[in-house]
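The structure appears right after this line, and notes come after that.
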Amino acid sequence: MNYLELLKLAAPEALLALTALVVLALGLATTRGPGICSAVAAAGILCASAAILLLPEQATLFRGMLVISPLTSLFKIICLALAFFTVILARGSCTPRHRGEYLALLLLATIGLLLLVGSEELLMIFIGLELTGLSLYVMAGFDKTDQRSAEAGLKYFLFGSTASAFTLFGLSLVYGMCGTTGLGAIGEKVAAGPVAPLMTAGIVMTLIGFAFKIAAAPFHLWAPDAYQGAPVPSAAFIASGSKVASFVVLGKIVLIAFGPAHGSAAWHAMVAGWAPVLAVLAALSIVIGNLVALAQSNVRRLLAYSAVAHAGYTLLGLVAGGRDGFGATLFYTTTYAFTLVGAFAVVAMVRHETGGDEIKNFAGLSSRSPLLSGCMAIFMLSLAGLPPLAGFFGKFYLFSTALRAGGNHGLLWLVVLALLGSFISLYYYLTVLKAVFVDDPEPGILKLATGRVRPIGGPETSSLISLDFLQRISLISLAAVVLVLGLLPGSFVSQIAAALSSLP
Amino acid sequence: MIAWTIYITFAGAIGLLLMPRFFARWIALATALAGFVVSLLAFFEAHNTGTFATIVRLPWIPTLGLEYHIAADGISLTLALVTGLTAVSAVLFSWDVEHRPNEFFFWLLLVIGGSYGVFLSADLFLLFVFYELVIVPKYFLIAIWGSTNKEYGAMKLTLYSFLGGALVFLGIAATYATAGSLDLQQLALYKFSLPFQTWAFPVMFLGFAILAGIWPLHTWAPTGHVAAPTAGSMLLAGIVMKLGAYAALRVAMNLFPDGFQIWSKWIALLGVIGIVYAAAVALRQRDLKFVIGYSSVSHMGFVLLGLATANALGVGGAVLQMFSHGVIAALLFAVAGRMIYRRTHTRDLDALSDMRLARALPFAAFTFVIASAASMGIPGFSGFAAEITILLGAWKAYPTAVLITGAGMVLVAAFTLRALKKTFFSDKYRGVRLPQGRVQVDDDWDEQSELCVPITAAEKCGALLLIFATLAAGLYPKLLLDRILPAVEAMRFLK
C-alpha cells in the first residue's frame, strides 16, 4: 500500500479538509473575514471538483473503503455543486459573524458526503454518516440568537443520534452475521443461504437509520422543525446534499450488500425482504407528507413535509430494485436536491426582505421581483411534477420503472398512491404560487432588514428586491438546471445508466 | 410546416417576457395570426389526410426511446385550425387588458402553444408534456385576471385537470412499461393484452375525458369558465376541452380498441346524460356565463356520444363538433364576457333583461343571435352539420340514445332562447342604470355607466372571424369532413 497513492485518490477530500482549516483560520484571523472566507471556501470546492475530474476511472482502496468509479465521481461532483450553491447562499443570508466557522463546518459535512458516496464498506459509511451528521447538527443550531434554530439543532441532534445508534447496531449485527464489512462480500454471504433472523434484524435497523437520514415517514419528525428553524443555508444543505448522498449509499447497500434478500412488494405476492419494508416506508411518507403539507402556512415547513413525500417517491425506484430502479432514484433525488436548494434560496431572499417565511410573506412577490418569482414558479412546479421541468421527467422515469419492475404491474398500488400524492401536492405548491403571483402584499409586510417600512400601493415597480450579481447568477443557473434536466434529460440519464453498469 | 405553429407560439410567448408592455398585445396578435395562417395553409395544402404522417422526428431521450415526433392527419389539422382561429379572436377580445398585459398574453400563448402541441404530437410522452403544460397557465389566467369567485374557480379547474392528468400519467407509464415505446404510430400497431386494455382504457379515457367535461366530472367547466377572463373562457371552452376529447380519441380509443369495445356503451351513456343534464341545469341558471358554461358541457356530451358510436360517421361528426363547438363557444363567451360584462358589470339575466341591450349594443345582439342559432343547431350553421352527423352515426349504434338526445336538443334550444331573450330582447325596459341591491355587481363597477362605449373594431374583427368560420363549416361541411373522415377511417378501432 502506497500512501502517496492514497493521497492522490483521496485528493478531493484532502483538498476540502485543507480548505476547511484555512477558512477556519481566516475567519479567526481577519476582521474583513466574511467575504474572504466565502471566496476561499468556494475556491476550495471548485479545486476539489477539478481534482475529481483528474481521478482515474476506476480504483479501489483498502477493500472498498475508498472506491472510485464513474458513479462515485458523478455524485461527488453533484454533492460539491450543492455545497457550492450553499456557500453562495450562506454568503448572502446569515451569520456575518463566525462565517469562517460556519463554512468550515459546511466543508466538513461535504467531506462526509464524499466519503459516504465513495465508499463500499460499512465502517467507512458509518464514519461518513457521523461526520456529515455532527457537522449538520451544529449547522442547524448555528444561529445563536434564534430560539427556533436552537430547537432545530437539538431536535435534529437527538433524533439523529438515536438513528445513528440504530444504524450502528444494525451494521454490527450485519458484520457479526457475515464476518466482513465490505458490501460486496456481504452480498455474497447473503446470497449463499437463507437469511438468518439476526441478519434480518440487522437489515431492518440499518434501513431505519437511513430512513431517518432521508426523512421518510415515520422517521421524519425532526424534518419540519429542522427545515423551519435552522439557518436557511443549513436547512438547504440538510435537505439536498445530505439527502442525495444518503440515497446513493442506501441504494448501494440494499443492492450490493442486501441484494439477494430483495423480497417483493407486489400487491398479491408480498415476499419478506427489504423491498416491502421500503415500500411501506414509501407509502407512509407519500400519504403523511402530502396530507400534512396541506395544512402548513410556513413555506419552509411546507417544504419539509413535501420533502417527506418526495422521499417516498424516491424510494419507489429502490423498491423496484435493479439498476433501472436505482438509476431512476438517483435521477430523481438529484433533480430534487437542485430544486430544493433553489427554493430555499428564494425563501432566504424573501426572509431577508420581509423578515419571515410564512406564505403571506410571499404575497405580491411577482411585482417586487420578477426574477425571484419566476424562479420560484419553476422550482415549485418542478416539485409538483409539471412538465417541462425536471420533476416531471423524474416522476415519469420513476413510475414507469416501478411499473415495469414488479412483474405484471405488481407495484401498481404504490404508483397509484404516488400519483394520488402528487395530485394532492399540486394544491399546496399552487398555494405558494398564488401568494407569489396573485395576492397583493399585506400592508406592513415589506419591512426591510433595517426596519424601514416601504410604501405600499405605489406603482408596481416601487419596491424591487435588489439581488446582487452572484445571487442572480446562482438562482438563474439553478432554475436553468431544473429546466434543462426536464427538457433534455437524455444525457444525464445515460450518464447515470453508464455509471451504474458495473452494479449487479 | 404545421410544426411551426408550435415554435412560433412559444417564441412569441418568450418574446413577450422581454418586451415592454406597450408592445404586448401587438406581439400576441402577430403570434396568434402567424399560427393561424400556418395552420390554415397546412390545412388546405394537405392531400393525404388519412395517414398520421410524420413531419418532424428527432431523438429526444434516446436512452428511454422517447422522441420528439410531430405528425398530422386530417383530425390534427382540423383541430389545429380551430386553435388558430380561436387564438386570434381571443387575443382580439382581450385587446383592453391593461393589468400586467405581458404576463397575461404570455400565459395565453402558452395555452395556445400547448394546444397546438397536443394536436400534433405523435409521441405519447411529448403529447402529455404539452397536455400538462396547459394546466398551470389556466390557473394564473383565471386567478389573476378573472372575476367572480376567481380563486375558487381557478383552483377547482386546475385540480380537476391535474386529476385527469394523473390518471393519464398512470396509463402512459403502464403503456410504456408494457410496450416499451411511446410512439403513437408504433403503439397503434401493438397488440395489448385484453386484461391490460380492460383496465388501461377506462383509466386513460377517463383521465382525458375529465378535460372534455364528461358527466359527472364536469363541474370544473362551468365554474372555471365563469371565473375566467373572456379570452380565458374562449380558449378553455373553445380549445382546452377539445384537448381532452382529441387525446381520448387519438390515444385511449386508438391504442386500446378492445378496451374501447367493452366500455363504449358506458361512454355513450355518460355522454347522453351530459347532454340532457347540462341542458336542464343551464335552463335554471341566472348567470349568463353559467348558461354558456353548461351549454359547453352539453355540447361536449355530443362529442362523447359521437366517439362512443365507434363508426366513421359518428366519430367524424364528433371531430366536426369539436371544431364547431370551438368556434361557437368562443363566440358565446366573447359576447357574454367581453361585449356585455365589461360594459354592464353584471351577468345576472334578470338585471340584463332590464337594460334592453339590443338597443344599446346592436352588434352584440347580432353576434349573440348568430351564436345562439349555431348553438341550437339551426341548419346552415356548423352546429347543425356536426350534430346531425353524430346523430346519424349514433342511430346505427344506439337508437335509444338518439331519442333521448332529441329531447335534450329541445332543452338546448329552450335555454339558449331564454338567455337570448332575457339578455337582449326583454320587453320590460327600465333604463340602463342598474337597480342597486338586487343585482350582484362586481367590485370594479363604477357608477359611470360604460354602456355608451361602442363595440370596438377589435371586437368586431374577432366576432366576424368566428361568425365566418361557423357559417363556412355549416354551409360547406364537406370541406372539413373530406379531411376528417379519411383520418377517422384509418383508426384502428373501426376495424
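Just so it is clear, none of the values below were taken in a lab; they were calculated from the coordinates. Since this is a predicted model, take the numbers as computed values, not measurements. Don't worry about glycine lacking a Cβ; one is built from the backbone with ideal geometry, like all the others, and counts go over all protein chains shown.
Mind checking the angle between helix A:412-437 and chain A's longest principal axis? C-alpha axes, 0 to 90 degrees, to the nearest 10.
10 degrees
Which net charge results when you count Lys and Arg as +1 and Asp and Glu as -1 among the other residues whose beta-carbon is under 15 Å from that of residue A:102? Display every interim value, and only then the final one.
On the way: positive: A:91, A:97, A:99, A:144; negative: A:101, A:143, A:146.
Overall, the nearby charge balance is +1.
Report, to two decimal places, the Cα Rg of chain B normalised by 2.2 N^0.38 Å (N = number of residues). Let's see the in-between values first.
On the way: Rg = 21.3 Å, N = 495, 2.2 N^0.38 = 23.2 Å.
In units of the 2.2 N^0.38 Å rule of thumb, it is 0.92.
Please order B:350, B:427, B:287 by the number of other Cβ within 10 Å, starting at the fewest.
Numbers: B:350 14, B:427 7, B:287 17.
In order of increasing Cβ crowding within 10 Å: B:427, B:350, B:287.
Quick one: of B:150/B:242; B:242/B:478; B:156/B:289; A:395/B:156; A:8/A:76; A:243/B:138, which pairs are farther than 27 Å apart, Cα to Cα? The partial results should precede the final answer.
Numbers: B:150/B:242 23 Å; B:242/B:478 21 Å; B:156/B:289 17 Å; A:395/B:156 23 Å; A:8/A:76 16 Å; A:243/B:138 34 Å.
In this structure, A:243/B:138 exceed 27 Å between Cα atoms.
Rounding to the nearest 10 and keeping the result within 0 to 90°, find how far the Cα-based axis of helix A:197-213 lies from the longest principal axis of chain A.
10 degrees
What does the helix-only formula give at 222 nm for chain B: each DSSP H stretch with n ≥ 4 adding -39500 (n - 2.57), the total divided by the residues, and the result rounded to the nearest 500 deg cm²/dmol? List each step's numbers first, then the result.
On the way: 22 runs with 338 residues, N = 495.
For chain B, the value works out to -22500 deg cm²/dmol.
Any chance you could tell me what percent of the C-alpha pair distances in chain A go past 35 Å? The partial results should precede the final answer.
Values: 36849 of 126756 pairs.
Tail of P(r) above 35 Å: 29 percent of Cα pairs.
Listing B:355, A:124 from the residue with the fewest other Cβ atoms within 10 Å to the one with the most, what is the order?
Values: B:355 25, A:124 20.
Neighbour counts put them in this order, fewest first: A:124, B:355.
Can you tally the net charge around residue B:110? Count Lys and Arg as +1, Asp and Glu as -1, for every other residue whose Cβ sits under 13 Å from the Cβ of residue B:110. Mind showing how you got there, number by number?
Details: positive: B:138; negative: B:103, B:132.
In short, -1.
Could you give the dipole magnitude of chain A about its Cα centre, charging the beta-carbon of Lys and Arg +1 and that of Asp and Glu -1, in debye to the nearest 20? Don't jump to the answer; show the numbers that get you there.
Details: 27 positive and 21 negative charges, 76 e Å.
In debye, rounded to 20, chain A gives about 360.
Suppose a student asked you for the relative contact order of chain A, using Cα pairs under 8 Å spaced at least 6 residues apart; what percent would you report?
Numbers: 904 pairs, mean separation 69.1, N = 504.
14 percent.
Give me the aspartates and glutamates in straight-line cross-link reach of residue A:213: C-alpha distance below 14 Å, same-chain residues under 8 apart excluded.
A:130
Across chain A, where is the longest run that never hits trypsin sites (Lys or Arg not before Pro) in a DSSP loop with at most 15 other C-beta atoms within 10 Å?
Values: sites that count: A:32, A:97, A:144, A:452.
It works out to A:145-451.
Only counting other Cβ atoms within 10 Å, I'd like A:221, B:85 sorted with the fewest neighbours first. All intermediate terms of the calculation are to be shown ahead of the outcome.
On the way: A:221 14, B:85 26.
Starting with the residue having the fewest Cβ neighbours, the order is A:221, B:85.
Give me D for segment A:267-504 in µm² s⁻¹, whole number, from Stokes-Einstein with Rh from the Kirkwood sum over alpha-carbon pairs, 37 °C and 0.692 mPa s.
In µm²/s, the coefficient is 175.
Once Lys and Arg get +1 and Asp and Glu get -1 on their Cβ, which of A:2, A:17, B:74 lies farthest toward the positive end of the dipole of the protein assembly as shown?
B:74
What does the helix-only formula give at 222 nm for chain A: each DSSP H stretch with n ≥ 4 adding -39500 (n - 2.57), the total divided by the residues, and the result rounded to the nearest 500 deg cm²/dmol? Don't skip to the end; give the middle numbers.
Details: 21 runs with 362 residues, N = 504.
Result for chain A, helices only: -24000 deg cm²/dmol.
Alpha carbon centre of segment A:320-372 versus segment B:173-216: separation in Å?
Comparing the Cα centres of segment A:320-372 and segment B:173-216, I get a distance of 33 Å.
Report, ordered by chain and residue number, the aspartates and glutamates lying within cross-link reach of residue B:191, taken as a straight Cα distance under 12 Å and ignoring same-chain residues fewer than 8 apart.
Qualifying aspartates and glutamates at Cα under 12 Å: B:258.
If you place +1 on the Cβ of every Lys and Arg, -1 on the Cβ of every Asp and Glu, and leave all else neutral, what size is the dipole of chain B about its Cα centre, to the nearest 20 Debye?
On the way: 33 positive and 26 negative charges, 178 e Å.
It works out to roughly 860 debye.
Just to confirm a number: summing +1 for Lys and Arg and -1 for Asp and Glu over residues other than residue B:204 whose beta-carbon lies under 15 angstrom from that of residue B:204, what do you get? Intermediate results must be reported in sequence, preceding the final value.
Numbers: positive: B:250, B:492; negative: B:132, B:258.
Net local charge, residue B:204 excluded: 0.
Going by a ≥ b ≥ c, the root eigenvalues of the Cα gyration tensor, does segment B:203-247 fall in the rounded group (a/c under 1.5), the prolate group (a/b larger than b/c) or the oblate group?
On the way: a/c = 3.58, a/b = 1.61, b/c = 2.23.
The shape class here is oblate.
Taking the Cα centre of segment A:83-176 as the origin, how large is its charge dipole in debye, to the nearest 20, when only Lys and Arg (+1) and Asp and Glu (-1) carry charge on their Cβ atoms?
Values: 6 positive and 7 negative charges, 78 e Å.
The calculation lands at about 380 debye.
Rounding to the nearest 10 and keeping the result within 0 to 90°, find how far the Cα-based axis of helix A:33-54 lies from the longest principal axis of chain A.
Approximately 30 degrees, to the nearest ten.
Roughly speaking, what is the centre-to-centre gap between segment A:184-228 and segment A:272-317 when only Cα atoms are used, to the nearest Å?
Cα centres, segment A:184-228 to segment A:272-317: 16 Å.
How would segment B:2-119 be classified by its alpha-carbon gyration tensor: rounded, prolate or oblate, with rounded meaning a/c under 1.5 and the a/b versus b/c comparison settling the rest?
Because a/c hits 1.5 or more and a/b fails to exceed b/c, segment B:2-119 counts as oblate.
Go from 0 up to the bin containing the longest alpha carbon distance in the protein assembly as shown, width 10 Å each, and give me the % of pairs per bin.
Whole-percent P(r) values from 0 Å outward: 2, 12, 20, 22, 18, 13, 8, 4, 1, 0, 0.
For segment A:91-161, what does the alpha-carbon gyration tensor say about shape, rounded, prolate or oblate, given a ≥ b ≥ c as the root eigenvalues, a/c under 1.5 as rounded, and a/b over b/c as prolate? Please list the in-between numbers first.
Details: a/c = 3.78, a/b = 1.62, b/c = 2.33.
Oblate, since a/c reaches 1.5 and b/c is not below a/b.
Taking +1 at the Cβ of each Lys and Arg and -1 at the Cβ of each Asp and Glu, which of B:344, B:323, B:281 sits farthest along the dipole of segment B:265-352 towards its positive end, judged by Cα position relative to the Cα centre?
B:344
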